[in-house]
Each structure stands twice: as C-alpha cells, then as structure tokens.
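Report on the structure given below.
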Amino acid sequence: MTTVKHTGLFKWERSDVLRYKEKGNHFKDITRQLLYPGHPELPVQMRYFEIAPGGHSTLERHQHVHMVMVIRGSGEVLVGDEIQKLESFDLVEIPPKTWHQFRATAGETFGFLCLVRVDRDRPELPNTDELARLKEDPGISGFIRYEEPLMTAGAGGVKH
Ligand code: MN
C-alpha cells in the first residue's frame, strides 16, 4: 500500500468511519477514521477525527503526544489552562500529561488529523479533585464538557 485515496468529503478509502471510543458518555458526536496504521520504521498512526456541530472529544490526558492539524471547519481546544480557537490548517501539539478537549464551533463541523505513536498509554480522565481544580478557572469551567457519573471514584460511583 502506498496511497490511500480521498474518496469524497473527508472520507478515505479502506478507512471505515468508526466510533470515537468504545463506550462512555464523556464525548459527543465524534467519529474516527484510521488513515495510516503505522510501520515498523515509522511507528505512528494518522487518524482523522470529525466532531459534528455541538460535539466534543473526551477531556483527558496521557503521556503520549498528539500532533493535530485542522483540515475542516473550525473549533476550540483546551490545552492545559489555555483555550485556543482553531481554524483549518492550524497545527496544535498536545504535550504529555496535559488536559485537553476539542469542541466544534457552534454550527460547524470540525475535522482534524491527529498523529500519535502506535505504542501509547491509555488516556486518563479527571477525578473529582482534578475536575474541581480545573473548574477553579472560570474560563475553563465554562469550556469543559463532562458527564459527572463516569468520573466518580468514591462510594456509589460508576466504574468504567
Ligand atoms: Mn488525547
């Protein structure tokens, strides 16, 4: 395989439009295509994520780095304690162990390429204390989207 043809509007051949993650309610209206699965000499994957208007990715952090290039529409991203507007062809790096969440701008479909290493750690979701600390910043508090039931570690919490 040397080429993967773009077959239509943000759709590539041999790349099924997949669920973003297996389960959870910590994300909304987002799909994933695996465009490049990696090679032993280039152990990275290129994915295309698409967030429908009003949707968002998971608020998470992990050791592995994301390199993202927006190629459709516009949106916003939280990286650490900064919220940044992103438009097509902007690039953003998500550094290790940094909270991040992507959102589509209202009324717009937001699509981006995301490069990651093949061998990577699993994302971590914020616990109650971490979420409270993030929300101390009013800007961040107004930005993040999170469903409470899935994040509880305490008694009665739902474990996933
Ligand atoms: Mn991530």
field: the stretch 1-18: number of residues that are open to solvent by less than 50 Å² (accessible area, probe 1.4 Å) and in a strand (DSSP E or B)
entry: 2
field: Condition broken by Asp81, with the remaining ones in (1) more than 11 Å from the ligand (Cβ to nearest atom); (2) open to solvent by 60 Å² or more (accessible area, probe 1.4 Å); (3) farther than 17 Å from Tyr146 by Cβ satisfied
entry: (3)
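Any idea how many residues of the stretch 19-56 are part of a strand (DSSP E or B) and within 17 Å of Thr2 (Cα to Cα)?
Restricting attention to the stretch 19-56, the residues satisfying the condition of being part of a strand (DSSP E or B) are 19, 28-36, 39, 42, 44-56.
From the residues that got through so far, the ones that are within 17 Å of Thr2 (Cα to Cα) too are 34-36, 39, 42, 44-47.
Total meeting the criteria: 9.
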Filtered residues of the stretch 19-43 (kept if of a type in the set (Asp, Glu) and exposed (fewer than 14 other Cβ atoms within 10 Å of the Cβ)): Glu22, Glu41
- prompt: What about Phe89, is it of a type in the set (Phe, Trp, Tyr), under 30 Å from Lys11 (Cβ atoms) and more than 15 Å from the ligand (Cβ to nearest atom)?
  reply: yes
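If only one of Ile94, Ile71, Ile51 is at negative phi and over 11 Å from the mean Cα position of the chain (by Cα), which one is it? Break it down into steps so the answer makes sense when it comes.
Details: Ile94 fails: over 11 Å from the mean Cα position of the chain (by Cα); Ile51 fails: over 11 Å from the mean Cα position of the chain (by Cα).
Testing whether each residue is at negative phi and over 11 Å from the mean Cα position of the chain (by Cα) leaves just Ile71.
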- prompt: Name the pairs whose Cβ atoms lie under 8 Å apart, with the first residue in the stretch 50-77 and open to solvent by 30 Å² or more (accessible area, probe 1.4 Å) and more than 9 Å from the ligand (Cβ to nearest atom), the second of a type in the set (Val, Ile, Thr) and in a loop (DSSP other than H, G, I, E, B), and 6 or more positions between them or separate chains?
  reply: Glu50/Thr109; Ala52/Thr109; Pro53/Thr105; Pro53/Thr109; Arg72/Thr109; Glu76/Thr105
query: List the pairs whose first member sits in the stretch 1-26 and is in contact (Cβ under 8 Å) with a residue 40 or more places away in the chain and under 20 Å from Met69 (Cα atoms), whose second member is open to solvent by less than 100 Å² (accessible area, probe 1.4 Å) and of a type in the set (Gly, Ala, Ser), and whose Cβ atoms are under 6 Å apart, counting only residues at least 6 apart or on separate chains?
result: Phe10/Gly111
Considering residues of the stretch 92-102 that are open to solvent by less than 50 Å² (accessible area, probe 1.4 Å) and not in a loop (DSSP other than H, G, I, E, B) only, the residue farthest from the ligand (Cβ to nearest atom): Val92
query: Which residue out of Gly142, Gly111, Gly107 is in contact (Cβ under 8 Å) with a residue 60 or more places away in the chain and more than 11 Å from the ligand (Cβ to nearest atom)?
result: Gly111
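Do we have any residue at all in the stretch 128-144 that's touching a helix residue (DSSP H, G or I) at 6+ places or on another chain (Cβ under 7 Å) and open to solvent by 20 Å² or more (accessible area, probe 1.4 Å)? Spell out how you get there, then give the answer.
Here is the first cut: in the stretch 128-144, the ones touching a helix residue (DSSP H, G or I) at 6+ places or on another chain (Cβ under 7 Å) are 134-135, 140-141, 144.
Filter once more, keeping what is open to solvent by 20 Å² or more (accessible area, probe 1.4 Å): 135, 141.
There is at least one residue in the stretch 128-144 that is touching a helix residue (DSSP H, G or I) at 6+ places or on another chain (Cβ under 7 Å) and open to solvent by 20 Å² or more (accessible area, probe 1.4 Å).
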task: State which residue pairs qualify: first residue within 23 Å of Lys21 (Cα to Cα) and inside the stretch 125-138, second residue open to solvent by less than 60 Å² (accessible area, probe 1.4 Å) in any location, beta carbons under 6 Å apart, and separation of 6 or more residues or different chains.
output: Leu125/Glu60; Leu125/Met151
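The values are calculated or read from the model by the stated rules, or taken from the named source; none is laboratory data. Keep in mind the model is a prediction, meaning the values are calculated, not measured. Neighbour counts run over all protein chains shown; Cβ positions are idealised from the backbone, glycine included. For the accessible areas, the whole protein counts, side chains as well, though only heavy atoms, and no ligand, DNA or RNA atoms are used. Shrake-Rupley method; radii C 1.70, N 1.55, O 1.52, S 1.80 Å.
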